[in-house]
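Chemist: Okay, here's the structure, questions in a sec.
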Amino acid sequence: IADIKGGPDEGLNRVGQTLVVAGWVRTLRAQSSITFIEVNDGSCLSNMQCVMDSDAEGYDQVESGLISTGASIWVQGVLVTSQGSKQKVELKVDKIVVVGQCDPSFPIQKKRVSREFLRSKAHLRPRTNTFGAVARVRNALAYATHKFFQENGFVWISSPIITASDCEGAGEQFCVTTLIPSSQEADHSPVDAIPKTEDGLVDWSQDFFGKPAFLTVSGQLNGETYATALSDVYTFGPTFRAENSHTSRHLAEFWMIEPELAFADLNDDMACATAYLQYVVRHVLENCKEDMDFFNTWIEKGIIDRLTDVVEKDFVQLTYTEAIKLLLRAKKKFEFPVKWGCDLQSEHERYITEQEFNGCPVIIRDYPKEIKAFYMRQNDDGNTVAAMDMLVPRVGELIGGSQREDRLDYLENRLDELKLNRDSYWWYLDLRRYGSVPHAGFGLGFERLVQFATGIENIRDAIPFPRTPGSAEF
Ligand code: 4AD
Ligand code: MG
């Protein structure tokens with residue numbers, strides 16, 4: 001359907017051609033002599049209106065009620081100019097075939113259903129306009145991500161999903177254990193098959209890797225190893241966090257884009273993050289017009305203007321210290337009190353971009369070292385590190401990044417201060433031993449980008465199958 005109706009004249013150039021459309025019935029309206037069927041194939045938001053009279057081959061299937069909302073059909077007909085005001089063209093049906101009937105219990109009938117309800121129907125929700133549009137925009141953002149980095153000479157690196165290290169040091173990892181195959185008999189629960197010590201604890205020495213292994217929280221440390229050999233690299237893959245947060249911005253499984261730039265400092269990092277965000281947003285505005293108009297009308301009024309500003313205007317930059325001053329001056333009462341040294345909460349982040357800077361993305365830099373990860377480069381003041389977060393309206397923190405500590409002695413001291421074991425970072429320390437370079441990078445949460453670009457309020461609706469505390473079906 002996108003192929004037929006996606007051109008500048010919305011299909012008029014193909015009038016007179018015999019075409020085939022295959023998709024799912026959105027609605028069916030049978031009038032005395034004529035039947036209208038709206039078909040959607042997911043290629044775009046638009047349906048193809050199929051108009052059929054009783055001469056059409058397969059008309060008996062309309063009469064017998066085989067064609068209903070949700071059924072899959074195959075239609076052949078001639079494209080004609082439409083009499084209706086909603087579309088320029090429609091298909092005058094010669095032949096129709098029901099490929100798969102739809103049981104009347106189909107839960108996604110025409111009436112509007114809540115997004116909460118649709119989360120319990122994650123297998124069927126892509127059949128709705130909203131989730132179809134989110135899936136296409138998500139796809140466009142992924143494509144534009146690779147395009148941006150490839151055009152700028154970055155090499156894509158696959159970072160491992162199973163790892164022994166905790167990049168962020170926040171202890172929010174999922175553990176990987178293995179089942180002993182011999183004990184997987186019918187009446188055994190899989191839990192019984194986890195190797196255990198006499199005390200009932202997991203016996204890591206007998207486990208697959210011989211020591212504890214986790215799902216990665218970030219591909220950054222692995223990315224650094226390739227950046228210090230291939231210069232500019234990026235990862236784009238799933239990451240996992242066992243945070244028990246029930247918010248509209250957190251998932252237990254999310255996709256992260258993590259570029260790492262060699263011979264680069266924090267300013268280069270911020271410039272890259274800005275150029276990247278502007279590039280992908282521009283790509284979506286130019287290539288997903290129909291879906292963006294839909295979001296603009298139904299999901300977030302004014303989103304197109306807001307995103308156009310993002311592409312055209314400079315982002316605000318301020319230091320953490322300046323941000324704290326600004327929050328202390330604010331008239332708004334915050335739930336979490338503000339003082340120098342505190343971690344910025346979502347309410348603070350949103351206040352800064354939404355109230356103080358009128359929806360403009362804001363990059364905050366030079367955070368206190370105590371609230372940031374071990375690998376960030378210490379600034380000359382001894383109190384702060386070369387970190388940056390990019391905040392955007394509605395979402396809050398979209399990007400977190402930093403210049404990395406490239407000096408061996410500083411990094412070793414920091415590991416000691418934080419009581420992290422130097423031995424488990426031996427390979428990471430080696431990078432500082434053998435031809436260290438200033439380098440910097442950032443991580444962007446892909447689902448937060450989808451939220452930002454579509455206006456979808458809840459992150460659970462920005463990924464096909466959300467993983468959150470207590471929910472891992474499908
Ligand atoms: O700020 P974070 O924790 O930074 C890192 O992981 C660095 N290692 C990145 C780097 O420098 N290479 O996470 C980066 C981004 C956040 O800004 C946020 O957009 C997203 O990842 N994020 C989440 N998205 C969804 N659900 C969660 N639970 C998230 N936690 C972080
Ligand atoms: Mg962060």
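Chemist: Which residues' amide hydrogens lie under 5 Å from the amide hydrogen of Gln317, considering only partners 5 or more residues apart or on another chain, with H built in the peptide plane?
Modeler: Ile363
Chemist: While we're on this one: Report, by chain and number, residues whose modeled amide H sits under 5 Å from the one on Thr27, excluding near sequence neighbours (fewer than 5 apart, same chain).
Modeler: Amide H neighbours of Thr27: Glu38.
Chemist: Residue by residue through the range 306-322, what is 3J(HN,Hα) from phi via Karplus (6.51 cos²θ - 1.76 cosθ + 1.60, θ = phi - 60°)? Round to whole Hz and write x for glycine and proline.
Modeler: Working through the residues one at a time gives 4, 6, 5, 4, 4, 6, 9, 9, 6, 7, 7, 10, 8, 7, 4, 4, 5 Hz.
Chemist: Give a residue-ordered list of calculated ³J(HN,Hα) values for the range 462-473 (Karplus: 6.51 cos²θ - 1.76 cosθ + 1.60, θ = phi - 60°; whole Hz; x for Gly, Pro).
Modeler: 9, 9, x, 10, x, 10, 9, x, x, 9, 8, 8
Chemist: Let me ask something else about it. Out of the chymotrypsin sites (Phe, Trp or Tyr not before Pro) in the range 351-445, which ones are loop residues according to DSSP with at most 11 other C-beta atoms within 10 Å?
Modeler: Sparse-neighbourhood loop chymotrypsin sites (Phe, Trp or Tyr not before Pro): Tyr434.
Chemist: On to the next question. Residues with amide H under 5 Å of Thr178's amide H, sequence separation 5 or more or different chain, H placed in the peptide plane at 1.01 Å from N; which?
Modeler: Those qualifying (amide H under 5 Å, at least 5 residues apart or on another chain) are Phe208.
Chemist: Could I ask something else about it? Looking at the square roots a ≥ b ≥ c of the eigenvalues of the Cα gyration tensor of the range 1-127, which shape do they give, rounded for a/c under 1.5, prolate if a/b is larger than b/c, or oblate?
Modeler: oblate
Chemist: Could you tell me the convex hull volume per residue, in Å³, taken over the Cα atoms of the chain?
Modeler: 197
Chemist: With charges set only on the Cβ (+1 for Lys and Arg, -1 for Asp and Glu), what does the dipole of the range 288-337 come to about its Cα centre, in debye to the nearest 20?
Modeler: Taking the Cα centre of the range 288-337 as origin, the dipole is about 560 debye.
Chemist: Report relative contact order for the chain in percent, whole number only (criteria: Cα-Cα under 8 Å, sequence separation at least 6).
Modeler: 13
Chemist: Counting only C-alpha contacts under 8 Å and six or more residues apart, can you give the relative contact order of the range 2-100 as a whole percent?
Modeler: 31
Chemist: Need the list of lysines near Lys301 for cross-linking: C-alpha distance under 19 angstrom, and skip anything on the same chain fewer than eight residues off.
Modeler: Lys289
Chemist: With axes computed from alpha carbons, what is the tilt in degrees of helix 408-417 against the longest principal axis of the chain, rounded to the nearest 10 within 0 to 90?
Modeler: With both axes taken from Cα atoms, the answer is about 90 degrees.
Chemist: To the nearest 10 degrees, how steep is helix 129-151 against the longest Cα principal axis of the chain, on a 0 to 90 scale?
Modeler: Relative to the chain, helix 129-151 is tipped by roughly 50 degrees.
Chemist: Still on this structure: Per-residue HN-Hα couplings for the range 161-170, Karplus 6.51 cos²θ - 1.76 cosθ + 1.60 at θ = phi - 60°, whole Hz, x for Gly and Pro?
Modeler: Per residue, the Karplus-derived 3J(HN,Hα) values read 8, 9, 8, 9, 9, 10, 3, 7, x, 9 Hz.
Chemist: Taking only DSSP H segments of four or more residues, each worth -39500 (n - 2.57), what value at 222 nm results for the chain once the sum is divided by all its residues, to the nearest 500 deg cm²/dmol?
Modeler: -8000 deg cm²/dmol
Chemist: Considering only DSSP states other than H, G, I, E and B, which GluC sites (Glu not before Pro) in the range 332-441 qualify as loop sites with at most 11 other Cβ atoms within 10 Å?
Modeler: Glu335
Chemist: A further question on this structure: Relative contact order (percent) for the range 356-443, with alpha-carbon contacts under 8 angstrom and 6 or more residues of separation?
Modeler: Once normalised by length, the contact order is 26 percent.
Chemist: Tell me which trypsin sites (Lys or Arg not before Pro) from the range 311-402 have a DSSP coil assignment and no more than 13 other beta carbons within 10 Å of their own.
Modeler: Hits after loop and neighbour filter: Lys313, Lys331, Lys332, Lys333, Lys339.
Every number here is computed from the coordinates shown, using simple stated rules; none is lab data. Because the structure is a prediction, the values reported are computed rather than measured. Using ideal geometry, Cβ is built from the backbone for each residue, glycine included, and neighbour counts are taken over all protein chains shown.
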